[in-house]
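Here is the structure we will look at, set down as structure tokens.
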Amino acid sequence: MSITVPPVSTGPLAKGEPCTLVIFGGLGDLARRKLFPAIYQLAIKDLLSPDFRIVAVGIEKQDDVSYRAAIKDALSKADDVKNFDQRVWQSLEDRVFWVTGNLTEPTVYTDLNARLVAFESKLDAKKQNRLLYLAVPPFLFEPICKYAGAAGVLPRVSDPHARPWRRVIVEKPFGKSLATAQELSKAVLSVFAEPQIYRIDHYVGKETVQNILVFRSANAIFEALWSREYISHVQITAAETVGLEGRSKYYESAGVVRDMFQNHLLQMLALTAMEPPDVPTADAIRDEKVKVLRAVKPIVVDGKTNAIRAQYTEGRIAGAAVPGYKQEPDVAATSTTPTFAAIKFEVDNDRWRGVPFYVRSGKRMAKRHSEVALYFRPAKKPMYEPCPGEGPRPNVLVMRIQPDDGIAIGFDVKIPGAALALTPGIEVAPVHMDFAYSNVFGGEVHPAYETLLLDCMIGDATLFTRSDEVEAAWRITDPLLNLWESSAEKQIPGYAAGSWGPAESDALIAAEGYSWRIP
Ligand code: BG6
């Protein structure tokens, strides 16, 4: 069953303020595959100021002309750019510049600042805004902050309303543990003020993730049921079919808990479980997320945990054979890095006490699919049993994050024509109502980076992670990482690539009588 509704146009978006975007790591994967495609989309939608420009910095020997050619090539191949349009690129290319330099040496920052000042000298003071993007591996965060601060590329400005503004975007991973995150935070905060720092978790920039909060608060019928009184448990899934994508070195030292749980999945959990803030300001929303993260019960108690991990072995995805994790290039044959985990979280507050949040994520799974599914408590005294002996089925509300973005709710109905005799199990059938974004809002794409870059250009920090949130999330995952990484086990369970994970994952959720939804 699907809902038919007239097409709705998307709301008007504020245009980005004039600024120079400085991309450190201008030829890196992130810049080529995500940032430039997002900027290209903003150009199509006319959301860039005429006084917007990009200065990319990197160690590669390039000049403006060769860099522009490299970016044009990357755009024409990018997943997020459908039908590359030469005219859109022409509106951008003259505004793209390159500075060569080693980011661990101070001189490059002096050159960069001179170039920025030269551009800005032609502009009104209020248009001389600067946005720095650290699209680089984490070991470069500290030197960039230190030297960019010292050279005046990005001076410290504590007042978020000061003009021209100075902002810096930091990519995950924010540390490898609570201690390293705190060190990083200290280093960054010794140069910049917190309101200048935009920590990106691109999952939160996804329309469907933002919608979790809006959907709840805009619809009283759901908000009224959003608690332990009506919800038995919650399942959050982020399943990927991709493997390492050439990132073995990073992934070997990260694993699925650092890569997906500490950030994306705990953000989804926080948005699902948080109290609606009194006012919808960036800080009020982030305060509520922090409260939920702090209310998550320890996931390791006396050396025991309600979490399982596994690593993919060879298998088939979309009909093609794929190697196991240990056979991937640059992965040790003895590696115990988990590529899948399933964890039971409990939020110890009045709204959620006793409601398990089962969260799972893995690479090389059967299907690319992310969702949040809320299982309602079954009817207390139904007049029928859908299947004799099975008891009533729960209603399930599924918020599909990607792909096929949408929301579905399942319920039972009487089968038309059947006698209303309430004979167990014969008149009732499960159906679902399904809202698909594409049916209602058309196929317009809003890649997360597009939203997030625009938000930085207008100074809306709502979708960015504050340092207290980052630390609260590490406090949850650290004990589990310590437990698993100090284990003497030489091998962790496996799951075949192309499957829904190991048997241990099914057993984890079955312990309380539930089973994972197969999307
Ligand atoms: C990144 C992880 O943060 O998120 C990747 O480092 C993962 O390993 C990616 O593949 C998933 O994001 P998306 O938007 O592709 O679902």
Q: Rounded to the nearest Å, what's the spacing between the alpha carbon centres of the stretch 204-272 and the stretch 51-94? Just the number, please.
A: 32
**Q.** Neighbour-count order for Arg115, Arg130, fewest beta carbons within 10 angstrom listed first
**A.** Arg115, Arg130
**Q.** Sorted by Cβ neighbour density within 10 Å, fewest at the top, the residues Asp159, Asp51
**A.** Asp159, Asp51
**Q.** Listed pairs Lys77/Lys289; Lys61/Lys127; Lys82/Lys127; Lys186/Lys490; Lys297/Lys363; Lys72/Lys326 exceeding 28 Å between Cα atoms
**A.** Lys77/Lys289; Lys61/Lys127; Lys82/Lys127; Lys186/Lys490; Lys72/Lys326
Q: Could you point to the residue in Ala284, Thr208, Ala220 farthest towards the positive end of the stretch 191-322's charge dipole, with +1 and -1 charges on the Cβ of Lys/Arg and Asp/Glu respectively?
A: Thr208
Q: May I ask you to sort Phe441, Phe357 by Cβ crowding, counting other Cβ atoms within 10 Å and putting the fewest first?
A: Phe441, Phe357
Q. When the Karplus curve 6.51 cos²θ - 1.76 cosθ + 1.60 is applied with θ = phi - 60°, which whole-Hz ³J(HN,Hα) does each residue of the stretch 429-435 get, with x for Gly and Pro?
A. 10, x, 9, 9, 9, 10, 9
Q) Roughly how many whole Å is it from the C-alpha centroid of the stretch 439-463 to that of the stretch 123-197? A) 22
Q: Give the peptides 333-342, 489-498 in descending order of average Cβ contacts within 10 Å, highest first.
A: 333-342, 489-498
Q: Quick one: work out the % antiparallel among DSSP beta bridges in the chain, nearest 5.
A: 55
Q) If only Cα atoms are counted, what is the Rg of the stretch 121-243, and what is its Dmax, in Å? A) 19.7, 62
Q: Go through the stretch 455-466 residue by residue and turn each phi into a ³J(HN,Hα) via Karplus (6.51, -1.76, 1.60, θ = phi - 60°); whole Hz please, and just put x for glycine and proline.
A: 4, 5, 6, 10, x, 9, 8, 3, 8, 10, 8, 7
(Q) How big is the dipole moment of the chain about its Cα centre under a simple scheme where the beta carbon of each Lys and Arg is +1, that of each Asp and Glu is -1, and everything else is neutral? Debye, nearest 20, please. (A) 160
Q: Pull up the cross-link candidates among the aspartates and glutamates for Lys122, meaning alpha carbon to alpha carbon under 20 Å and not fewer than 8 places away within one chain.
A: Glu17, Asp51, Asp64, Glu93, Asp94, Asp111
Q.
I need the phi-derived Karplus couplings for the stretch 363-375: 6.51 cos²θ - 1.76 cosθ + 1.60, θ = phi - 60°, integer Hz, Gly and Pro marked x.
A. 9, 6, 9, 4, 8, 7, 6, 10, 7, 10, 10, 9, 9
**Q.** Structure-based [θ]222 nm, the chain - -39500 (n - 2.57) summed over DSSP H runs of at least 4, per residue, nearest 500
**A.** -9000 deg cm²/dmol
Q.
Placing unit charges on C-beta atoms (Lys and Arg positive, Asp and Glu negative, everything else neutral), compute the dipole magnitude of the stretch 4-162 about its Cα centre in debye, rounded to 20.
A. 200
Q) What relative contact order, as a whole-number percentage, does the chain give when Cα pairs under 8 Å and 6 or more residues apart are counted? A) 18
Q | Cut-off 15 Å between beta-carbons: net charge of the residues surrounding Glu471, Lys and Arg +1, Asp and Glu -1 | A | +4
Q.
5 Å is the cut-off here: which amide hydrogens, built 1.01 Å from N in the peptide plane, fall below it relative to Ile231, excluding neighbours closer than 5 in sequence?
A. Arg377
Q: Could you size up the charge dipole of the stretch 177-288 around its Cα centre, putting +1 on the beta carbon of Lys and Arg and -1 on that of Asp and Glu, and report it in debye to the nearest 20?
A: 300
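Quick note: the coordinates plus some simple rules give every number you see, no bench work behind them. The structure displayed is predicted, hence computed values, not measured ones. Neighbour counts run over all protein chains shown; Cβ positions are idealised from the backbone, glycine included.
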